[in-house]
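Quick notes on the structure that follows.
The values are calculated or read from the model by the stated rules, or taken from the named source; none is laboratory data. Owing to the predicted nature of the structure, the values given are computational and were not obtained by experimental measurement. So basically every Cβ, Gly included, is an ideal-geometry build from the backbone, and we count neighbours across all protein chains shown. Side chains are part of the model used for accessible areas, which takes the heavy atoms of the whole protein and leaves out ligands, DNA and RNA. Shrake-Rupley method; radii C 1.70, N 1.55, O 1.52, S 1.80 Å.
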Amino acid sequence: MSGEIEMPEEPGVDAPDTFEFETGIENAPVEPYQAHEIRVFRAPAHTVRMTVTGERSYIRVRPVNASPMAHSDRYVSLLDIKNEEVAFIRDMNDLDEESRKVIEEELAHRYLRATIECVHSIQMEYGVTYWDVTTDRGKREFVIRGHENTHWASDTRLLLTDVDGNRFEVIDYTQLDPNSVRLIETNV
Amino acid sequence: MTDNTTTYEERMPDALADRCREALREGESVRIAAATDLTEDLRFEERWLVVTDQRLMRFEANGAGAANGNATIEFSDAKSAAVEELVGSGRINVVIGNEEVEVIRYTPSERAKFARIARGIDQLIKKEPVNMQGEVDRTRCDRCRRLLPEPNGICSACTNRLAMMRRIARYALPFKGRLALMVFLSLLFTLAELGPPYIMRIIIDDVLVEPGAAEAGDATTGDPFTFLYLLVGAYAVVRLVSFVLEIFKDRLSVWLGGRVIVSVREDLYENLSRLSMKFYNKRQVGSLISRVSNDTESMMWFLVDGVPYILTNLLLLVGILVLLFVTSWQLTLLVLIPIPLLVIGGGFFWVRLIRAFRTKYYRWGKLVGMAGEMLSSVRVVKTFVQEKREMRRFRSSNEGVFQGDYESEKEAAVFFSTVSMLTSSGLILVWFYGGSAVIDDTFTPGALMMFIAYLWMMYEPLRWFGELNTWSSRAMSGAEKVFEIVDTPAETEDLDDPVEMKDVRGEVEFSDVVFAYEAGKPVLHDINLHVQPGEMIGLVGKSGSGKTTMTNLLCRFYDIDEGGLTIDGVPIRDISLEDLRRQIGVVLQDSYFFSGSVAENIRYSSPDASIEQVMRAARTANAHDFICAKPDGYDTQIGENGKELSGGEKQRIAIARAIIHDPRILILDEATSSVDTHTEKLIQEAIANLVKGRTTFAIAHRLSTLRRADRLVVLDAGKIVETGTHEELLDMKGHFYRMVETQRASTAVMAVGGSRGDPNRDANGHKS
Ligand SMILES: Nc1ncnc2c1ncn2[C@@H]1O[C@H](COP(=O)(O)OP(=O)(O)OP(=O)(O)O)[C@@H](O)[C@H]1O
Ligand SMILES: [Mg+2]
């Protein structure tokens with residue numbers, strides 16, 4: 001997909017001692033760059049570029065969340081075209097303003113998990129559950145199969161994955177309207 | 001939507017269709033029109049993508065959009081298009097200049113469709129012939145438009161119960177005679193059951209209350225005692241007859257239900273073993289096992305207990321109602337008053353009851369699951385000293401089950417008490433009005449007693465009819481799930497007229513093969529490889545690069561999506577599966593065993609092999625020695641996972657199994673990992689013995705394993721990036737060279753192929 005794209009300089013690949021292979025023998029792992037060492041910006045408009053201050057530039061990086069469910073606001077890894085980590089950001093506040101904004105936008109684009117704000121109906125039939133909800137992204141109907149796709153992340157936080165792989169979340173079901181609370185309590 | 005693969009058009013809303021027509025230039029024609037369910041800022045709303053032969057346009061559902069400059073992309077500016085899968089959504093990107101620009105977003109529900117469309121756009125941009133072939137999954141029921149529980153699955157709402165019953169009944173057809181007999185016995189039984197209250201009435205009215213009437217009515221005897229004895233005798237006989245009838249009827253129904261389920265289970269099992277890997281990919285083994293056991297079981301209980309129960313009680317109900325009406329229609333109508341109450345009240349409680357029971361079953365399932373998980377991973381639990389935590393988890397779950405149990409039983413108690421209260425209110429009415437009628441002499445005491453006895457008989461089953469409803473729903477949903485599997489066609493089925501190939505030379509050719517496990521996410525692209533008979537190919541590449549996938553295609557666990565795959569020039573799709581698999585042997589890193597002895601496992605593919613052949617194979621596989629060292633030798637029992645064997649032992653047994661199988665094409669997937677050097681040497685030798693004269697595909701991360709390969713094929717991200725002999729690849733200084741370098745750097749012990757004079761190299765001749 002990125003065949004036409006200018007390849008950045010690749011540190012590490014040419015140095016055999018940093019290339020990890022299934023050998024059982026550990027090499028010293030490459031330390032990824034950290035938040036204070038890097039700057040992230042868009043250039044041109046649709047491409048995320050990362051520069052290491054005063055060193056080199058990665059023309060296309062992809063921010064991903066290391067733990068998108070439990071720690072969605074922290075632990076961001078920047079991957080290069082070959083899916084190798086080039087930087088790891090422990091805390092987004094360590095970044096400068098622009099970098100943070102770009103990364104946050106990219107993450108918001110990458111992860112789509114609609115937050116359920118109101119449950120209109122839940123119907124259980126033959127081991128399949130039909131949901132009709134309003135989310136922060138609009139109304140939606142979906143179908144969930146089996147209990148393994150309904151996951152309580154805590155006593156009140158509910159994570160759902162429907163049959164197609166759409167993701168939904170109830171952040172705290174006790175905070176919803178009484179009808180939604182009742183539906184969730186009796187059906188989930 | 002058309003079947004044509006060069007265009008793809010969904011029906012546009014009128015406003016949009018108008019706007020679109022206006023927007024078209026002279027000679028421009030629409031090739032793709034598709035709706036998506038996600039906006040560019042990720043809201044669930046309809047957006048439209050319209051692609052012509054010149055450009056790509058985006059619209060809102062009402063037609064707004066394309067006038068806006070950003071909403072149009074001219075193909076003259078673009079280089080290519082592709083999908084990108086994100087988390088919880090996906091998008092089509094078009095490369096413009098040297099950056100990727102998002103064109104449209106979609107939710108995973110539309111993934112397959114947009115994968116096709118992206119391909120079409122790419123072809124349009126590159127001015128290649130357009131081919132958007134590929135199936136789009138059915139996600140909604142054709143009849144009621146409901147979302148389906150799984151793509152291409154069946155709609156639970158639309159499968160009607162009657163059709164399902166008929167389907168089950170078909171399984172009973174071979175036992176027509178017994179079925180008829182059972183119905184007949186049920187009829188007799190019903191009549192016999194109806195007898196006693198009637199006799200009671202005669203006893204009370206004609207013998208006890210008005211002995212005179214008996215004399216008058218029955219001229220032959222005249223003695224009330226004789227009459228009483230006669231009646232009591234009749235009573236006893238009727239009871240006895242109904243007792244005997246019940247025994248025979250129940251036996252028959254148990255037999256019939258059991259037989260039906262045996263055939264259903266047989267069909268289910270047979271189909272499960274025929275289904276393709278793609279089917280298994282998407283399902284949990286646990287849920288399939290539950291279909292074989294639980295679902296067929298719930299069907300069985302319904303057939304054995306439920307159906308006969310419904311049958312006799314319906315007959316009984318009809319009989320009773322007729323008799324009641326004949327006796328006194330006024331009283332009967334009175335009695336029927338509580339019934340609507342019973343139905344409404346029952347319905348109300350029933351909803352609550354079901355909810356409580358559902359919670360209970362859910363928690364119960366979790367508890368069982370947790371216990372099962374603990375037991376199957378007991379080693380891990382112990383290693384990490386987590387018994388206490390597991391116990392805590394279990395305790396809280398156990399507590400939850402108690403709560404659920406208590407709640408549901410509480411509801412149930414209320415429900416059943418209410419039902420009996422309503423029932424007895426009917427009886428109160430009968431006592432009141434019936435009693436008055438007796439005093440008024442318009443009704444006889446016997447008739448009243450009979451009436452009351454029939455009422456009891458009628459209320460009793462009514463109480464359970466509600467239950468029967470859930471019972472039957474459970475059985476029906478069980479039946480549905482079972483038949484769904486029975487009806488799933490094996491995806492990689494033989495053609496009607498498969499080519500027979502008893503002998504294969506072992507020439508394999510991949511040409512332009514594209515393959516995806518999930519539509520839209522290809523894991524292999526443009527694979528081209530021509531393998532000569534007897535050649536040994538080493539497949540190397542990073543984890544996840546598609547090595548195993550290539551071999552899966554060769555075994556035809558999956559069908560290729562595009563391109564061709566032939567064996568001896570015959571397309572793999574045309575070869576009968578049985579012949580194909582007979583010619584292919586697979587040795588995996590993690591071999592699967594069946595419970596049985598070592599010998600049985602080795603001769604799994606050819607059960608007729610003699611023990612000597614088994615031993616010869618084991619010796620060739622370097623497995624003989626350790627097998628003999630076991631107390632039970634070749635008769636050592638191994639469990640399903642071969643738990644009693646070490647990793648290296650398992651591998652050697654698997655190799656022996658492949659040797660007996662004697663395939664022309666051999667696949668070794670990581671057959672030599674995770675063993676010590678000595679064992680690896682033994683396995684290497686075993687493999688060397690096995691490989692001789694067979695076309696071999698060997699996958700290994702330890703490149704040393706592949707030094708005997710004639711040719712190495714390097715895969716990277718689903719593409720073949722290098723092919724050649726060891727030396728050629730090293731000279732290329734490309735991917736392979738780097739891999740070797742890193743491996744050499746990290747393992748001094750395992751020197752790799754290119755280096756002559758390596759002490760490991762002359763290990764071949766050695767026999768232990
Ligand atoms: N059954 C499956 N369903 C969906 N995707 C799969 C399936 N099996 C493998 N994949 C994906 O296909 C890609 C190729 O997998 P494959 O098993 O062929 O890799 P491999 O080269 O054999 O890797 P390894 O060396 O780790 O065994 C991976 O990205 C993997 O996640
Ligand atoms: Mg593999």
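Just check the range B:8-125 against the gyration tensor rule for me: Cα atoms, a ≥ b ≥ c as the square roots of the eigenvalues, rounded for a/c under 1.5, and otherwise prolate or oblate depending on whether a/b exceeds b/c. Since a/c reaches 1.5 but b/c is at least a/b, the shape of the range B:8-125 is classed as oblate. The label-point distance for B:Ser646 and B:Ile344, in a model that sets each label 7 Å from Cα toward Cβ, rounds to 7.7 nm. The calculated P(r) of the range B:1-57, using every Cα pair and 10 Å bins from 0, goes 21, 52, 25, 2 in percent. Here the accessible area is traced with a 1.4 Å probe on the protein chains. For the range B:8-125, carbon and sulfur cover 44 percent of it.
Which whole number gives the average, over all residues in B:79-86, of C-beta atoms from other chains lying within 10 Å of the residue C-beta? Could you put the intermediate results ahead of the total?
Numbers: counts 2, 3, 1, 3, 1, 3, 1, 5.
Neighbouring Cβ atoms belonging to other protein chains average 2 per residue here.
For B:Ile699, nonlocal amide neighbours, meaning residues 5 or more places apart or on other chains whose placed amide H falls under 5 Å from its own, are B:Leu539, B:Leu668, B:Asp669, B:Glu670, B:Ala671. If you plug the beta carbon distance of A:Asn149 and B:Leu188 into 1/(1 + (r/R0)^6) with R0 = 51 Å, you get a FRET efficiency near 0.50.
Report the full-extension gain for the segment B:Asp625 to B:Ala453: residue separation times 0.36 nm, less the Cα-Cα distance, to one decimal in nm.
So the extension gain works out to 53.9 nm.
Summary of packing: across the peptides B:389-395, A:94-100, the per-residue average of other C-beta atoms within 10 Å ranks them, highest first, as A:94-100, B:389-395.
Per residue of B:98-109, count partner chain C-beta atoms within 10 Å of its C-beta, then hand back the mean as an integer. Provide the component values of the computation, followed by the final result.
Values: counts 8, 12, 7, 4, 2, 0, 0, 2, 0, 10, 8, 8.
Other-chain Cβ atoms within 10 Å of each residue's Cβ, averaged: 5.
With both labels modelled 7 Å from their Cα along Cα-to-Cβ, the B:His530 to B:Glu246 distance reads 8.1 nm.
Mind checking the log10 I(q)/I(0) for the range A:77-165 at q = 0.22, 0.23, 0.26 Å⁻¹? Debye, one equal scatterer per Cα, no solvent, two decimals. The computed values of log10 I(q)/I(0) come out as -1.08, -1.13, -1.32. Residues in the range B:297-324, backbone N under 20 Å from the label point at B:Val254 (7 Å along the Cα-to-beta-carbon vector): list them, ranges by number please. Flagged as within label range: B:297-313.
Just the number, please: buried accessible area between B and A, total of both chains, 1.4 angstrom probe, nearest 100 square angstrom. Kindly include the intermediate steps, with their values, before the conclusion.
Working: alone 40450 and 12140 Å², together 47720 Å².
Using a 1.4 Å probe on protein heavy atoms, the buried area is about 4900 Å².
For the pair B:Arg505 and B:Asp574, a Förster radius of 25 Å applied to the C-beta separation gives a FRET efficiency near 0.95, rounded to the nearest 0.05. Peptide packing: for B:685-692, A:86-93, B:651-658, B:99-106, the average count of neighbouring Cβ atoms within 10 Å per residue gives the ranking B:651-658, B:99-106, B:685-692, A:86-93, highest mean first. Neighbouring Cβ atoms from other chains, within 10 Å of the Cβ of residues in A:131-139, number 3 on average. Within the range B:17-50, which residues have the backbone N less than 17 Å from the label spot 7 Å out from B:Lys127 along Cα→beta-carbon, could you tell me? Within reach of a label on B:Lys127: B:28-29. Which FRET efficiency, nearest 0.05, do B:Asp440 and A:Asp132 yield, Cβ-Cβ r, R0 60 Å? Plugging the Cβ-Cβ distance into 1/(1 + (r/R0)^6) gives 0.50.
At a threshold of 30 Å², the residues of the range A:98-113 that become less accessible to a 1.4 Å probe in the full protein assembly than in their chain on its own are A:His109, A:Arg110, A:Leu112.
For the range B:535-597, rounded, prolate or oblate, judged on the Cα gyration tensor with a ≥ b ≥ c (square roots of eigenvalues), a/c < 1.5 rounded, else prolate if a/b > b/c?
On the way: a/c = 1.92, a/b = 1.16, b/c = 1.65.
Oblate, because a/c is 1.5 or more while a/b does not exceed b/c.
In straight-distance terms, cross-link reach from B:Lys176 covers every one of the lysines whose alpha-carbon lies under 25 Å from its own, apart from those fewer than eight places away in the same chain; here that gives B:Lys249.
Take the residue pairs B:Lys113/B:Lys719; B:Lys502/B:Lys692; B:Lys481/B:Lys547; A:Lys82/A:Lys139; B:Lys521/B:Lys681 and return only those whose Cα atoms are more than 31 Å apart.
Working: B:Lys113/B:Lys719 24 Å; B:Lys502/B:Lys692 20 Å; B:Lys481/B:Lys547 35 Å; A:Lys82/A:Lys139 37 Å; B:Lys521/B:Lys681 39 Å.
The pairs that break the limit, which is 31 Å between Cα atoms, are B:Lys481/B:Lys547; A:Lys82/A:Lys139; B:Lys521/B:Lys681.
Kindly identify the range A:114-187 as rounded, prolate or oblate by the Cα gyration tensor criterion: order the square roots of the eigenvalues as a ≥ b ≥ c, call it rounded if a/c is under 1.5, otherwise compare a/b with b/c, prolate if a/b is larger, else oblate. The shape class here is rounded. Remark: spin-label model distance B:Asn689-B:Tyr604 equals 2.0 nm, labels positioned 7 Å along the Cα→Cβ axis.
Taking the Cα centre of the range A:24-110 as origin, sum charge times position over the Cβ atoms of Lys and Arg (+1) and Asp and Glu (-1), and report the length of that vector in debye to the nearest 20. Mind showing how you got there, number by number?
Working: 12 positive and 16 negative charges, 72 e Å.
About 340 debye.
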